[in-house]
Structures are given as C-alpha cells and as structure tokens.
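Read-outs: derived from the displayed coordinates by stated rules, not from any lab. For clarity, every value in this text was computed on a predicted model and none was experimentally measured. A quick note on method: Cβ atoms are made from the backbone with ideal geometry, for glycine too, and the neighbour counts reach across all protein chains shown.
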Amino acid sequence: MTEEERRFQARVDANEKIEPKDWMPEDYRKTLIRQIGQHAHSEIVGQLPEGNWITRAPTLERKAILLAKVQDEAGHGLYLYCAAETLGVSRDELTEQLLSGKMKYSSIFNYPTLTWADMGAVGWLVDGAAIMNQVPLQRTSFGPYSRAMIRICKEESFHQRQGYDIMMKMAQGTPAQKKMAQDALNRFWYPSLMMFGPSDKDSVHSAQSMAWKIKMNTNDELRQKFVDQTVPQADYLGLTVPDDHLTWNEERGHYDFSEPDWSEFYDVLKGNGPCNVDRLTARREAWAEGQWVRDAMLAHARKKAATKVAAE
Amino acid sequence: MTEEERRFQARVDANEKIEPKDWMPEDYRKTLIRQIGQHAHSEIVGQLPEGNWITRAPTLERKAILLAKVQDEAGHGLYLYCAAETLGVSRDELTEQLLSGKMKYSSIFNYPTLTWADMGAVGWLVDGAAIMNQVPLQRTSFGPYSRAMIRICKEESFHQRQGYDIMMKMAQGTPAQKKMAQDALNRFWYPSLMMFGPSDKDSVHSAQSMAWKIKMNTNDELRQKFVDQTVPQADYLGLTVPDDHLTWNEERGHYDFSEPDWSEFYDVLKGNGPCNVDRLTARREAWAEGQWVRDAMLAHARKKAATKVAAE
Amino acid sequence: MTRDQALFEFLCRMGDNTLILGHRVSEWCGHAPVLEEDIALANTALDLIGQTQLWLGLAGEVEGEGRDADKLAFHRDAWDFRNLLLVEMPNGDFGRTLMRQFLFDAWHTILLGRLMTSSEPRVAEIAEKASKEAAYHLERSADTVVSLGDGTEESHARMQAALDYLWPYVGEMFVADAVDQAMAEEGIAPDPASLRPEYDALLGRVLKEATLIIPDSHFAHKGGRDGRMHSEHLGHLLTQMQWLQRAYPDARW
Amino acid sequence: MTRDQALFEFLCRMGDNTLILGHRVSEWCGHAPVLEEDIALANTALDLIGQTQLWLGLAGEVEGEGRDADKLAFHRDAWDFRNLLLVEMPNGDFGRTLMRQFLFDAWHTILLGRLMTSSEPRVAEIAEKASKEAAYHLERSADTVVSLGDGTEESHARMQAALDYLWPYVGEMFVADAVDQAMAEEGIAPDPASLRPEYDALLGRVLKEATLIIPDSHFAHKGGRDGRMHSEHLGHLLTQMQWLQRAYPDARW
C-alpha cells in the first residue's frame, strides 16, 4: 500500500466521506463506476416491467400510483447517473455500455410481469430486496453515492409499502385474485433471493469492496435478513412461500431456506432470461428513435446561445 | 366517328365481348383502366376496416368467417388487377398511383369501423351496395372485366348474407348489442347511399360510359334500387333507417328518401374523411416495409432461373 | 336535456380528455428519448389521471346513478366517450406526441382559466387545481415544440409533419352543440368558440418561434366530443385500458 | 392426474398453439408486402382458427364442465394458456413472421403425422384433417424462408436475425412433462423428444438451402406449454382477442 492508499483507507475507516475531488485508488473509482452505473441502469430498465402494466392498471388510483412509482425510478436513475458523473464518466458513455451489453443491470428485470399481482410482488419483494441492499449503502464511503442512496431509500420504502398493499388487496380478493397473488409470489420468490448475488464464498470482489465501504454487508447476510423479514409478511397475506424446506431455525434465530437455482441466475446473466432480449431491445430502440430529438435539442440550445452572444 | 369506332360500337351494341387484343378507342381503354383500377384498389383498401376487427372477433366462428371474407377481398383485388393488366397497365403502376393519391378507392372505406356491429353493417350495406353496382357489370362489354365481375359477384352475395346474419344476431341480442346495431346503421346508411356516386345530372362521364357498356345503369337508378331493397330488411331487423323523410311512394312504387350530404362526399373525396390518412398510410407503410421482401423474392427467382439455365 | 344531464356530458368531456390523453402519454413510459423526458411524460400523465379522477368523480356525482370515476373510466364502451378526437390519436414519434400535447395544453389552459370563474363552484374548484398543472404542461410542451421545430432540418420536418397531421383535429375544440349552449347559458362553461381568438394568438406566437407553418385549412374532424364517431384508435386503446376491469368485474383492486 | 385431465391439457396445448399463432398471423391482414401474401397469410390464419375449433372443442368435451371452444378461447387468462412461447412472440417484420411459421409448421406436420395413429380416435381424426393443411403451410413457409434467406444481402441478414431471435423458443417443443408421459403411455401422442431427429433433419435441409446458419446453442426458453411463465406479449394479445367476450359476457354473437 502506498502512503496515499493508506491515508485513503484511514479516512474510509474513520467513516469520512470521499468526495469527487479527493484522491482515490483507481480501482475504487472503477468499482464504484461499475456499481453505480449498474444500479442506475437497473432503475432505467426497471421501468419496463412495471411500465408494462401502466396501460392496464385496474383503477385510476392504481394507475396514478404506478405512474408516480415509475417516474421515481427514472428520477433515481438520474441521481445515480449524476453520482457516477462525478467520477468522470458521462451518462451517454454509461448508456452506450448498457446498450452494447458491456454493463449489466439487475437480473430481476429480465423476468416478465404477467398479472396485476406482479405489480404487488415487484413492489413488495423486488423493492424490498433492493431496500435491503440499499439501506446500508446510505453509509457508503463515497459522498455523492451515499447522498443519492439516502434520497432513493426514502422513496423505495414508500414503493414497497404500495406493493404490499396491492398484494394485500389481491390476497384478500376474489379466488382469481388470490391465485394471481400466489402465482406472483411463486415466480418472484427465487429471483428476489438472487438479487443479493451469489453466496459470498463465490463472490470475488467482496472483501476489497467491504474494506472500501462500497459494500457494507455480505450477500448471504442480506439474503437471510430479507427472508426473515419477508416470510412473516407472506404468512400475514395468507400466501405460501414456494420453498418446501423453509423452516424457522430456533437455534440460529433465522429461517432456514432453499438456495435459488444458481444455474438459472448465470443463465439470465448470460442473456438467457425470459426478457433479456426484449428489455435491451426496448432500450436500444428508445435510444435510437430518440436520436433526432437529442440532436435537435442540442442544435436548438446552440442556436439560442449564439443568438444571445450576438445580442451582447 | 371513324370506321373503326363505328365497328367497335356495333360490337358493343350487339353485346359482343371486347377482348384485350381487339381494337378499342383510347378513351375506352383509359376509362376502363380507371374504373377497374379504382375497383381493385377498393378491394385492397377495403381489407382495412374489416381487418380492424379480425383480432377482436367475438367467436372463433366469426373470426374464421371474417378472415375468409377479407381473404376473398384480396382475391378480388387480384382478379381485377389482372383484368386491368390486360389493358396494358401493370399492378405496380396501379399501386403507385393509389399510394401517390392519383387514383382513388371507394370513399366508403374512409369511414371507421367502431363496433362489432359495423362488421354486420359493412357486409349488409356496403357489400349490398357494391353488389347492386356490380351485378349489371357482369354484362359489361370488356371480356376480362365481365368475367372478373361474375366471379366476384358470387362471393359478394355470400358476404352480404353473412353481414346481414351478424346484424340479425346483434339486433336480436342484448340492449347493448341492439344499440351497436342501430348505431352502425346510423353511421353507414348515408355513406352507403354515396357509394352510387352523385346524381346522374352531376355525373360527367355517364353517357359515354353507358354507350360503351362500361356503366350499365345510372347512379340514381341503382341508389333507388338499393333503398327499395334495404328498407324492408332494416324493418325486419327492427332497426330504424336514419331518414325522417323515408316514405313509401305508392305512385312511384318506390321509397322516397333523403339525399346524402354531398358536401361530405366531396370532403371525403378530397381526403378529409375520418380515415383517409390512416388508410393510405397503412397501405404506404405496408408497401414500403414490404420492399425488401419483393426485392428478395425477385432476386431469388433470378438466381434459380440462372442455376437452371446453367444446368441445361 | 336537463341542466344536470348537460353538466354530466360536459364533465365527461373534461374527464375523458384527460383520461385518454393521460393514457396515451403513459404509453411512453420507459421509452422516451432522454431520461428527463421519461420523467416529464410520466409526470404529465400523472397530472392528467389525477384531473380525470376529479372530473369523472364529479360527473358520477352529478349523474347520481352510483357510478364513480372508475366505473365511468373502465366500464363505458367507445361510443360513450366524450373526448376530443385529438387526444385519442396514436402517439406517433416523440415529436407528434409533444405537438399533440401542445395543441391540447394551449386549449386546456385557456379553458381552465375561464372555468375558474364558473357559476358551478365544484367546477371552479377543479379548474383552479388543474389550471396550475396545465400551465406547467403548456410551458413544457411549448418549449419542446419550439426546440424541435427550430432544431435540426430533420426535427423541423418531423414537427411540421406532426402539425399537418394533427391540425384537422384542432377545430373540434371550438364547435358548440346543445350541451355547450346549456353550459354557457348557465354560466358554467364558456362558449367553445369564444376561446378561439386567444388560442389562435397563442399558437401563432409559439409556432412562429418554432418556425412552423400553420396549415391553411379550416377543415375539422368531428365526432369525438359528442361520441358520434370516434376514430378506430379509441377502441384499441380501451381494450388495454379496460382489460382488468372487464375481465374481473367483481374484483376490487 | 387422470387420463382425461392429461388429455385435456394436451388438447389445450394443441388448440392454444393454433389459436395464438392464428391470431398473430391474422394481425397481418391488409398489411402484407404483396397481395399474394395477404391472401396466403389470411388463409393460414383461417386454417389455424379452424383447427382451434376442433382441438378446443374436443378439450371442452373431455373436460366435461360445459366449456366449449369459444369459452376456452375467450374466457381464460394468460396463465391457463398452454401454447408454446414461440407462437406468442410478436410478428416483427415479414421475415420473422415467416420464420416463426416455418419453425412451427415443421414441428406441427411431424407431430400431426404421428397423431394420425393416435390411440384416441378423436385425436387421430382431427390430426388427419389438420395435417393436410399443415403440410401445405410448411411447403409455403419453407419456400418463403428459402427465397428470403437466399435472396438479397438485406433479406439474408433479416432472416438470419429472425432465426437467431426465435431459435431459443424451439427447444420447448421437445421437452416432456407428466402430461406428455401420460399421453405417450396411453399411445395418444408421441413423446415430444422423439420428434427432434426428424425436426432437426428437416430444418437442416431447408435452412441450408436458405443459406442460413442454425445458432450453436441448445438454450431453450420454457414456460408456455405448461403455463408456468408466458411472455409479457401474451397478455397484450389477449386484451385484444378477448375484448368483446369480456366486455359483454352475456351476449351471443
């Protein structure tokens, strides 16, 4: 470790925030860009599975809530791209890496939303898992990232409650609605568990990231916490978690549960999830079809600036 | 009149069929190309208002019937383009004239189909009016046209019965269905009357066309016949023709009825019908997006022919 | 037609406009050209759906037959809708969507401004709330129309095409029928024709800045706001919008 | 699972394939690249809908709960559909539509050929009728795939892209579950896996002539034929297809 690195680590250890202009190790910067970028992309791509039901929302109130939620997600994307930009990478660069497949987004968004209950399940489980990941990151070492997470977490917990509320209505509804609710839980349970990433023993970068406080907890810790929190909620809804091995372990003070099928996880990561192609295609088309708009806005802004200069 | 013209007219008067290789006046050819071309275009564009409901047909049986009908219409288009081709104009030339707006199609197809009852009204009224126009044309002087009309009329009368059958089901159905049926009649009545064209006193080419037996009856004759036939059918359905002045005229032995709003007719003709833009856009896009397919089919056919020649 | 029948019709017109336009705008979700536009479009849709709840809620109240805003939104068929044809037109490209928004916002702000002094206090109250949102929408859509109209050669051509395509749907805003007469007589809403001068002036100003040419035609498609003849597009929109309510009429969501 | 329950599932799989593919193909109506294709596509859709009436009609009979083919087609929600994911994929361009058709027709003809000797006479009878139509569809779609694959540079690229896009949806045709095992044991239908060699040989032949390369991957999307996980596309298709029946459940058409 160089002297600079030592000083940097000391600041991190002392819970000081690292700011964009501060010195930082090149790998710290790179890892952060990857992590924040992926998180931002996830917000953007994450609009699509829920956007899929906006035009079919069952009431005006639900439509409004869903619109507000998807709008928030775009807003989160914006905060995060801004945080990444302070590390010296532009939003357009990040976008191109998303579209070329070089950068990833959360695999969960490669699963389809098939019934209205999925809007509940996404809010309850997916946002629930996201919050579990994100709450500790409010204390992350990089200042702009930490501040973005604080704003985001506030809204996400709101979303999770809305999701749970949808599930509640469905679970207490007609037989068809109950069926939708159970089916949504069946489909989203394991993919939600996957959101915490592979077991720590298989995770390469974890130790360094934790030392840098880019990562605050191990994947397994968070997954356990998520299961412990979610199972009683499912019970309350009268829904069955699709895991025959799920049992309360008195000794550990935690639920024992089945691992997700990690081969499916890697399949999805490779691009073979049910919706990978559709999601990326949707984003690519939006970007390509929006080119003329972005060009025009730039051209107009230049014209206006030129007129202003000429007038001065 | 030249000698050739006199001989030509004598053949027409004697009800002989004129065949493609026979001598004919240039104007006869031109008028026929325009008339057959417009008729062909009408079959093609006429697929769209009914195609609009194929994906929403209420039963499998109705869906099958509607598909068969629209398929027939495409087939009629094909017969008619072939008949026009015998006069020395290619299908592609005619298509381009349709797409550029130089050639017209029947104005009726610029009205929207808004409920399932419209599938009934189109069959009953629009096909009904078409048949009224077409039956006499089976005796038209130009051989290929006459033969095409004979094939077409057989199928059209079948379509008309199917349309009436839909109306019957709707008119005898639930209050909502009855409402749809009446509403469809209200919207399609006057546009159907317009299908016979303006009153003969305002029709420029009529006399010559009738002498040439390209046109067999006056517009007003056919319109009257249509009204006389259709009003009792509407009565039988328990529907009300939207014309306060409709009365049986004992003396004439015909119904007296209100003229359609001819200013609307000319508006639609000018391109201001409710669907003109959509219809032409749909055809233009189909044509443009199909370019690569047509190119490829041609290229492949040439390759195959070349291979065959090389092998011989 | 009683006062309340006319008022019901009027309120459906207001609420169906915002409902259908809100739906159209919401179709963009996740597909806008830039992230800021995704946010702005979602926000516009959200405002419009919120206004719909108010207008259709009041419509149901006035009707007094137990239909609430959701019942009106999700359980009427096409012919009972009273929105302008303009707002049911498909989105087309982003330019057309924003042009449609601008043509609507301009009229909407002017109308809402007048409705704030409606003799019917419940109408005035909704107009008060909605007009703030509409003013913001107008500011945004006008700005965007100017940017894109006076942007690149391509964007200019697209915006002119959008204006040409949508122009025949503008006239319907200003044509009065018995409902409008009843509303005007009661002092509930202005005569639609009376909005035109202000509208034309506003359009003239913005579109000039956008270097766009207003088509030289007064032809107007009609049939939306009286439900006599909607476009084929509305029915397709409803299949999506009303799906769940139609498939599960007994469910509560 | 009783024999009849398994048979019902099997019949729904057959009928839902033809129903959903028939619907997709019918979306082309009036928009094909040439008139002959408009006719051919309408004809294909028509045959498929006709087959649907037979398969779902028999399914309803076997179920014995009073559901007829229409009830099954128009009153089930997405999760009860048993079609292959392949057939619910959106049309894309004409090339993708025809590639999807070819990939389906190839499997369909082979399967129907086997079903003609089904131990269940009602299945054999439908297969007999359907196989003639399917053979004709295959001839057409294979020809078109060859023409477009070996046409121009652009058409070749489009067809290769279509094949690459659709290939992951082929594997689902050959994966057996308890329903298939029950059908095989009863001699009603063949083990799906047993069709693969003939399918691969047929595909190899045609796609070689089309100068197209079969992707080197055995990854297969699943979840359609057991209804566990359809694509998002199916739900949108159903909003259109089932609209009238859902909106007017008491009506007869």
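Given a cut-off of 13 Å, what percent of all Cα-Cα pairs of the stretch A:88-134 lie beyond it?
So the portion of pairs separated by more than 13 Å is 67 percent.
Run the numbers on chain C and let me know its relative contact order in percent, using alpha-carbon pairs under 8 Å that are six or more apart.
With pairs under 8 Å counted, the relative contact order is 24 percent.
PRE reach from B:Glu96 (point 7 Å along Cα→Cβ): which of the stretch D:11-46 fall under 20 Å by backbone N?
The answer is D:33-36.
Dipole of the stretch B:1-134 (Lys/Arg Cβ +1, Asp/Glu Cβ -1, origin at the Cα centre): which of B:Trp124, B:Pro25, B:Gln35 lies farthest to the positive side?
B:Trp124
Which FRET efficiency, nearest 0.05, do B:Arg147 and B:Lys104 yield, Cβ-Cβ r, R0 35 Å?
Efficiency for this residue pair is about 0.90.
For peptide D:148-156, what's the mean number of Cβ atoms from other chains within 10 Å of each residue's Cβ?
6
Give me the orientation-averaged projected area of the Cα convex hull of the stretch D:1-112, in nm², one decimal. Each step should come with its number before you reach the end.
Details: hull surface 28.8 nm².
So the mean shadow area of the Cα hull is 7.2 nm².
In vacuum, with every alpha carbon of chain A counted as one equal point scatterer, what does the Debye formula give for log10 I(q)/I(0) at q = 0.10 Å⁻¹? Two decimals, please.
Each listed q maps to, in turn, -0.62.
Given H placed on each backbone N at 1.01 Å, which residues far from A:His254 in sequence or on other chains put an amide H within less than 5 Å of it?
A:Asn249
Running Debye on the stretch A:207-305 with equal point scatterers at the Cα sites and no solvent, what base-10 log of I(q)/I(0) appears at q = 0.21, 0.25 Å⁻¹?
With no solvent term, the Cα-only Debye profile gives -1.11, -1.19.
Take peptide B:71-78, look around each residue's Cβ out to 10 angstrom, count Cβ atoms belonging to other protein chains, and average those counts.
5
Along Cα→Cβ, 7 Å out, is where each label goes; now give me the distance between the ones at D:Arg114 and C:Glu128 in nm to one decimal.
Spacing of the two 7 Å Cα→Cβ label points: 7.3 nm.
Calculate, in whole percent, how much of the Cα-Cα pair population of the stretch C:178-253 lies beyond 18 Å.
68
Assigning unit charges at the beta carbon (Lys, Arg +1; Asp, Glu -1) and nothing else, what dipole magnitude in debye, to the nearest 20, does the stretch A:1-136 show about its Cα centre?
Values: 15 positive and 20 negative charges, 68 e Å.
In debye, rounded to 20, the stretch A:1-136 gives about 320.
Mean separation of Cα pairs under 8 Å and 6+ residues apart, divided by the residue count of chain A: what relative contact order is that in percent?
Normalised by residue count, the contact order of chain A is 18 percent.
Could you tell me which helices of chain A pass both thresholds, a Cα extent of 18 Å or more along their own axis and a mean Kyte-Doolittle hydropathy of at least 0.0, with helices taken as whole DSSP H runs? Numbers along the way, then the final one.
Numbers: long enough: A:26-45 (28 Å, -0.84); A:60-85 (37 Å, 0.11); A:143-171 (41 Å, -0.64); A:175-194 (29 Å, -0.65); A:219-237 (27 Å, -1.02); A:276-289 (19 Å, -1.12); A:291-311 (30 Å, -0.28).
Those that pass (Cα extent of 18 Å or more, hydropathy at least 0.0) are A:60-85.
How long are the semi-axes of the equivalent ellipsoid of the stretch C:80-141, taking √(5λ) for every eigenvalue λ of the Cα gyration tensor, in whole Å from largest down?
24, 14, 7
Over the Cα atoms of the stretch B:251-312, Rg to Rh with Kirkwood Rh, two decimal places?
Reported Rg/Rh, Kirkwood definition of Rh: 1.48.
Would you give the gap between the C-alpha center of the stretch C:84-117 and the C-alpha center of the stretch C:37-71, rounded to a whole Å?
16
If the limit is 32 Å between Cα atoms, which of B:Lys178/B:Lys270; A:Lys154/C:Lys71; A:Lys104/A:Lys225; A:Lys69/C:Lys129; A:Lys63/A:Lys201; B:Lys21/B:Lys154 go over it?
B:Lys178/B:Lys270; A:Lys154/C:Lys71; A:Lys63/A:Lys201
Rounded to the nearest 500, what is the 222 nm mean residue ellipticity of the protein assembly as shown from helices alone, with -39500 (n - 2.57) per DSSP H run of 4+ residues and division by all residues?
When only DSSP H runs of four or more count, the value is -21500 deg cm²/dmol.
Taking every residue in A:107-116, how many Cβ atoms of other protein chains lie within 10 Å of its Cβ, on average?
3
Can you give the translational diffusion coefficient of the protein assembly as shown in µm²/s, computed by Stokes-Einstein from the Kirkwood radius over Cα pairs at 20 °C and 1.002 mPa s?
Result for D is 66 µm²/s.
Of the beta bridges DSSP finds with both residues in the protein assembly as shown, what % are antiparallel, to the nearest 5?
75
In debye, nearest 20, what is the charge dipole magnitude of the stretch A:226-298 about its Cα centre with +1 on Lys and Arg Cβ and -1 on Asp and Glu Cβ, if you could check?
The calculated dipole for the stretch A:226-298 is roughly 640 debye.
With 25 Å as the cut-off, how large is the P(r) tail for chain C, expressed as percent of Cα-Cα pairs?
The share of Cα pairs beyond 25 Å in chain C comes to 40 percent.
Using the Kirkwood formula on the Cα atoms of the stretch C:105-232, what hydrodynamic radius do you get, in angstrom to one decimal? Write out the running numbers ahead of the final one.
Values: mean 1/r = 0.0627 Å⁻¹.
Every distinct Cα pair counted, the radius reaches 15.9 Å.
Where the Cα atoms of the stretch B:1-146 are projected onto their three principal axes, how long is each span, largest first, in whole Å?
Cα spread of the stretch B:1-146 along its principal axes, largest to smallest: 60, 32, 21 Å.
Explain nothing, just the number: dipole magnitude of chain B about its Cα centre with +1 on each Lys and Arg Cβ and -1 on each Asp and Glu Cβ, in debye rounded to the nearest 20.
Values: 39 positive and 44 negative charges, 251 e Å.
In total the dipole reaches around 1200 debye.
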